[in-house]
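A.B. asks: Here it is, the structure in full.
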Amino acid sequence: MEWWQILLYVLAIIFLIWLAFLIVDISSVLSFKAKLEKRTVAFSVLFVEKKDILLTIYAMFDEKKAEFSSSLNKAAAQVRWMKLETMKGEDIENNVVLLNDFEKRLALLGHKYPFFENDKDYEIYWATLEDLNANYRRNVANYNSEVLGYEYWRRFIIFRPMTALFGFKEKKRLN
């Protein structure tokens, strides 16, 4: 065997090893991407539940003829028309801000008008909101850990150009 044939064999072996690691890298990126999509669906479900409960509490106050400020009415309209089906990281954070703002406004209204002091349904709704908020915080922690894994494999130094070529974009962590 001549020297150039040995060199070609060595280069072919190096290329095959590189290709095997590329396949592992891409499969890991795809795995984390699928997990992130599942987490986004979980956020969507949480937000739909929270939206329904908040709008129910709003309707309860409306039935009791509570006086609403224009900012509360505006917040209710924004929550009512929120898009929750197809969300990305930015959408999740924007929806959280809207829902939390509306929740705080309703809590202040509850302190101003104690219509429901001993109403079990009202207390159950607020307890459910607390559970949903706890589930949201858990989902944020899980989502952020999945983002870290995704970014690790996406930015792996020798495969960074290939993952960019395949269209894997950077994902941001949630706050």
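A.B. asks: Out of Ile26, Ile57, Ile53, I need the residue that is modelled with pLDDT of 95 or more and surrounded by 14 or more Cβ atoms within 10 Å (Cβ to Cβ). Which one?
C.D. replies: Step by step, each of Ile26, Ile57, Ile53 is checked, and only Ile53 is modelled with pLDDT of 95 or more and surrounded by 14 or more Cβ atoms within 10 Å (Cβ to Cβ).
A.B. asks: Now for a separate question. Name every residue in the stretch 84-96 that is outside any helix (DSSP H, G or I) and under 11 Å from Lys51 (Cα atoms), in order of residue number.
C.D. replies: Within the stretch 84-96, Leu84 is the sole residue that qualifies.
A.B. asks: Could I ask something else about it? Go through the stretch 157-175 and give me each residue that's part of a loop (DSSP other than H, G, I, E, B), in contact (Cβ under 8 Å) with a residue 40 or more places away in the chain and under 15 Å from Ser31 (Cα atoms).
C.D. replies: Listed by number, the residues that qualify are Phe166, Phe168, Lys171.
A.B. asks: Of everything in the stretch 130-161, what is among the hydrophobic types (A, V, I, L, M, F, W, C) and closer than 30 Å to Leu106 by Cβ? Give them in sequence order.
C.D. replies: Selection gives Leu132, Ala134, Val140, Ala141.
A.B. asks: Restricting to the stretch 133-172, give me the number of residues that are under 25 Å from the mean Cα position of the chain (by Cα), surrounded by fewer than 17 Cβ atoms within 10 Å (Cβ to Cβ) and of a type in the set (A, V, I, L, M).
C.D. replies: 4
The values are calculated or read from the model by the stated rules, or taken from the named source; none is laboratory data. This one's a predicted model, so the numbers in the text were calculated from it and none came from an experiment. Every residue, glycine as well, gets a Cβ built from its backbone with ideal geometry; the counts of neighbours run over all protein chains shown.
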